[in-house]
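Chemist: Structure below; questions to follow.
Every number here is computed from the coordinates shown, using simple stated rules; none is lab data. Being a predicted model, the structure only gives us computed values, none of them experimental. Here the Cβ positions follow ideal geometry from the backbone for every residue, glycine too, while neighbour counts run over all protein chains shown.
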Amino acid sequence: MAIRDRLSGNEAVANAMRQINPDVMAAYPITPSTEIPQYFTTFVSNGQVDTEFIPVESEHSAMSACIGSEAAGARTITATSSCGLALMWEVLNVAASDRLPICVALVNRALSGPININCDHSDAMGARNTGWIQVFSENNQEAYDNMVMAYRIAEHPSVMTPIMVCQDGFITSHAVENIELLEDKVVKDFVGEYEPEHYLLKDNESIAYGPYAVTNYVMEARRAQLEGLRNAKQVALDVAREFEQISGRSYGLFEEYRLEDADFAMVIIGSAAGTAKDTVDLLRDKGIKAGILKIRLFRPFPAEEIAEALKGVKYLAIMDRCEDFNGNCGPLGAEVRSALYNKNYFPKTINYCYGLGGRDVTVDSLTSVFDDLRKIEETGEVGDVYRYLSVRE
């Protein structure tokens, strides 16, 4: 039976962690993810979990400790944000190359500088090529659900790859919403026990993690990593189908909202998708065929599936909540355009940078994006393909 509650996104994720009961958590505080280990240490001190909590001196140390414990055969978790994730970058690559299914609760926050503690996706997007699975959440319910599913994806024998469960800082992490929790036993049975095939403390097995690789082996190691990451796409769908049976909530690689007959569409990630859906509803009431494609799984990127979902769209806006500093597009813009190009689909497309440092995203501001698409329809001219939304030039 579902347990109805009112929780912030951080509380929801911490409760999912409690239900999973990992073997080890190593963490260092950073806003706005600090509440997650704070709540979780309460569960540790109260005896609600038997997790070994390791307080460390930095985020680099947190991920290093996670690598050590996961390599030893312990299911391991941490949480971080922004510059904390950036400080982990060196060892994020190590965790992925060692095929260690660590889970990070990433509360998205702008990278410095200038110093800012509010939401954008520069932290996650900066780490997009470290070899980790990345799942994004629109709201508190999705943050909880994605955390419950995370280990089932990461620990699958054909995947064995670390995973980030992302939610937007303050917008979901600290805002309180009505959500439905699963019963503790249901989560425990769904996630199961961690039984790795290979680990450092296994009797009578010689194994090394993080060895030096000479020229003859590096490419093969990278290729093996890529295969595990690719496999995560189908595993994520399989796990989501099982999750629907215990929760009644359905998840895919992405969500299509009123997209089936849309002429004008927006691709977006995270909490702003809720505002985008409201925008589409208002436009539909006016007879404008608008739709949304909300990305859930960003790594591995479901290129073929996204291209298929967008093949009927004539005018497309791709929304990036970070600046990639290439002067041409954002990371999501590059991925989606490449996916469409490879399938010979060529909607007239513009890419927006929006919401940096917590800049408000409103129905009015997103309506202006659809207004720009309609202007392209009227004039036949795309104009600037890369634009900023709600900025003082």
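Chemist: 5 Å is the cut-off here: which amide hydrogens, built 1.01 Å from N in the peptide plane, fall below it relative to residue 291, excluding neighbours closer than 5 in sequence?
Modeler: Placed amide hydrogens put 264, 265, 266 under 5 Å from residue 291.
Chemist: Okay, next question. Taking +1 at the Cβ of each Lys and Arg and -1 at the Cβ of each Asp and Glu, which of 350, 69, 171 sits farthest along the dipole of the chain towards its positive end, judged by Cα position relative to the Cα centre?
Modeler: Highest projection toward the positive end goes to 350.
Chemist: Only Cα pairs under 8 Å and at least 6 apart count here; give the relative contact order of the chain as a rounded whole percent.
Modeler: Values: 806 pairs, mean separation 62.0, N = 393.
Answer for the chain is 16 percent.
Chemist: Could you please report the charge total around residue 185, scoring K, R as +1 and D, E as -1 over all other residues with beta-carbon less than 14 angstrom from its beta-carbon? Show your work: numbers first, answer last.
Modeler: On the way: positive: 18, 188; negative: 183, 184, 189, 193.
It works out to a net charge of -2.
Chemist: Where nothing but the Cβ of Lys and Arg (+1) and of Asp and Glu (-1) is charged, how large is the charge dipole of the chain around its Cα centre, in debye to the nearest 20? Mind showing how you got there, number by number?
Modeler: Working: 36 positive and 57 negative charges, 143 e Å.
Magnitude of the dipole: close to 680 debye.
Chemist: Could you give the angle, 0 to 90 degrees to the nearest 10, between helix 140-154's Cα long axis and the longest principal axis of the Cα atoms of the chain?
Modeler: Tilt of helix 140-154: around 50 degrees.
Chemist: Then there's this: For the chain, what is the mean residue ellipticity at 222 nm derived from helices alone (per DSSP H run of n ≥ 4: -39500 (n - 2.57); sum divided by total residues; nearest 500 deg cm²/dmol)? Display every interim value, and only then the final one.
Modeler: Values: 13 runs with 163 residues, N = 393.
When only DSSP H runs of four or more count, the value is -13000 deg cm²/dmol.
Chemist: Arrange 186, 176, 165 by Cβ neighbour counts within 10 Å, fewest through most, would you? If you can, show how the numbers build up before the last one.
Modeler: Values: 186 17, 176 13, 165 29.
Ascending Cβ contact count within 10 Å gives the list 176, 186, 165.
Chemist: Starting from 0.36 nm per residue, how many nanometres of slack lie between residue 226 and residue 345 once their C-alpha separation is accounted for?
Modeler: On the way: separation 119, 0.36 × 119 = 42.84 nm, distance 2.58 nm.
Result: 40.3 nm gained on full extension.
Chemist: Sequence gap at least 6, Cα distance under 8 Å: using those rules, report the relative contact order of segment 58-148 to the nearest whole percent.
Modeler: Numbers: 116 pairs, mean separation 23.5, N = 91.
Relative contact order comes out at 26 percent.
Chemist: If we count other beta carbons within 10 Å of each Cβ, what is the order of 89, 132, fewest first?
Modeler: 89, 132
Chemist: Can you list residues from other chains, or at least 5 along the same chain, whose modelled amide H is less than 5 Å from the amide H of residue 359?
Modeler: HN-HN under 5 Å from residue 359: empty list.
Chemist: Separate question: Net charge near residue 116: determine it from the other residues with C-beta under 15 Å of the C-beta of residue 116, scoring Lys and Arg +1 and Asp and Glu -1.
Modeler: Details: positive: 109, 321, 359; negative: 120, 123, 168, 323, 360.
Around residue 116, the charge tally is -2.
Chemist: Still on this structure, I have one more. Counting only pairs 8 or more places apart or on different chains, how many lysine pairs in the chain have C-alpha atoms closer than 14 Å? Can you show the working numbers first?
Modeler: Working: 277/289; 277/294; 289/314; 311/343; 311/348; 314/348; 314/375; 348/375.
Taking the Cα cut-off of 14 Å, the pair count is 8.
Chemist: Sticking with this one: Residue separation times 0.36 nm, minus the C-alpha to C-alpha distance between residue 238 and residue 374: what's the value? List each step's numbers first, then the result.
Modeler: Values: separation 136, 0.36 × 136 = 48.96 nm, distance 3.83 nm.
Contour length minus the Cα-Cα distance gives 45.1 nm.
Chemist: Using a/c under 1.5 as the rounded threshold, could you call the chain rounded, prolate or oblate? The axes a ≥ b ≥ c are square roots of the C-alpha gyration tensor eigenvalues, and prolate needs a/b larger than b/c, oblate otherwise.
Modeler: Numbers: a/c = 1.76, a/b = 1.53, b/c = 1.15.
Prolate, because a/c is 1.5 or more and a/b exceeds b/c.
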